[in-house]
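Down below is the structure, laid out as structure tokens.
The values are calculated or read from the model by the stated rules, or taken from the named source; none is laboratory data. Computed from a predicted structure; not experimentally measured. Cβ placement follows ideal geometry from the backbone for every residue including glycine, while neighbour counts extend to all protein chains displayed.
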């Protein structure tokens, strides 16, 4: 059925209504929400730099380990090739403790020894004794104690003989030698033997001094 419109003055046709798009809120569905933004792509540059730094550090560590091993091996090779190198005594080291050294001329304590005949005293029991004449000189700057008990006589067979006190009339005396002083006397061992050298040990605890019997 057609809709009737009242005639306008002048016989003009009334204007027709214009249909446009439906207005929102008049029952039309809302527009769909916009899609969520895509996550940013992770750059591989950081990973590459990270792996690169780790590689450099590992390389430095490996080089250091190789250098340490090479250095240790070189030291062991030197020690093996020359085992006495580290144990060599220094030029300023003293003689080994307990090792007797000959007392030559200009030594702090100068001693000479030579064979002599036994001179029997009233304390001797028979004539089976062997005497050695010794002379001791103090070339040091301090006093030196001398006592017959500080001397021993070693024979050619390696037997050591202590001094038999008072059996020889010329026995060396017990004295303290000042710097520059000297004294002579005999050291006598029991039995008949061929003396090889005499050993003097001051106070029985000092460094022994050995001289050959002439």
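Flag not set for residue 189, criterion: part of a loop (DSSP other than H, G, I, E, B) and touching a residue at least 40 places away in the same chain (Cβ under 8 Å). Restricting to region 192-202, and then to whatever is farther than 15 Å from residue 138 by Cα and outside any loop (DSSP other than H, G, I, E, B), can you tell me which residue is nearest to the chain's Cα centre (by Cα)? Ranking the qualifying residues of region 192-202, first place goes to 199. Taking the criterion of being surrounded by 20 or more Cβ atoms within 10 Å (Cβ to Cβ) and assigned to a loop (DSSP other than H, G, I, E, B), the only residue of region 169-186 that qualifies is 172. Evaluate the following for residue 209: is it at pLDDT 95 or above, touching a strand residue (DSSP E or B) at 6+ places or on another chain (Cβ under 8 Å) and buried (at least 20 other Cβ atoms within 10 Å of the Cβ)? Against the criterion (at pLDDT 95 or above, touching a strand residue (DSSP E or B) at 6+ places or on another chain (Cβ under 8 Å) and buried (at least 20 other Cβ atoms within 10 Å of the Cβ)), residue 209 qualifies. Evaluation of residue 129 against the conditions (1) more than 44 Å from the chain's Cα centre (by Cα); (2) more than 17 Å from residue 184 (Cα to Cα); (3) without any contact (Cβ under 8 Å) to a residue 40 or more places away in the chain shows that the sole unmet condition is (3).
So is residue 126 modelled with pLDDT under 95 and either loosely packed, with under 13 Cβ neighbours inside 10 Å or part of a strand (DSSP E or B) (or both) or not? Here the answer is yes, as residue 126 does meet what is asked. Please determine whether any residue of region 146-168 is modelled with pLDDT of 95 or more, in contact with a helix residue (DSSP H, G or I) (Cβ under 7 Å, 6 or more places away or on another chain) and assigned to a loop (DSSP other than H, G, I, E, B). Yes, the conditions are met somewhere in region 146-168. Taken as a whole, the structure places residue 189 among residues that are closer than 20 Å to residue 122 by Cβ and surrounded by 15 or more Cβ atoms within 10 Å (Cβ to Cβ).
Do we find a residue being over 42 Å from the mean Cα position of the chain (by Cα) and under 14 Å from residue 116 (Cβ atoms) anywhere in region 141-152? So far as region 141-152 goes, no, none of its residues is over 42 Å from the mean Cα position of the chain (by Cα) and under 14 Å from residue 116 (Cβ atoms).
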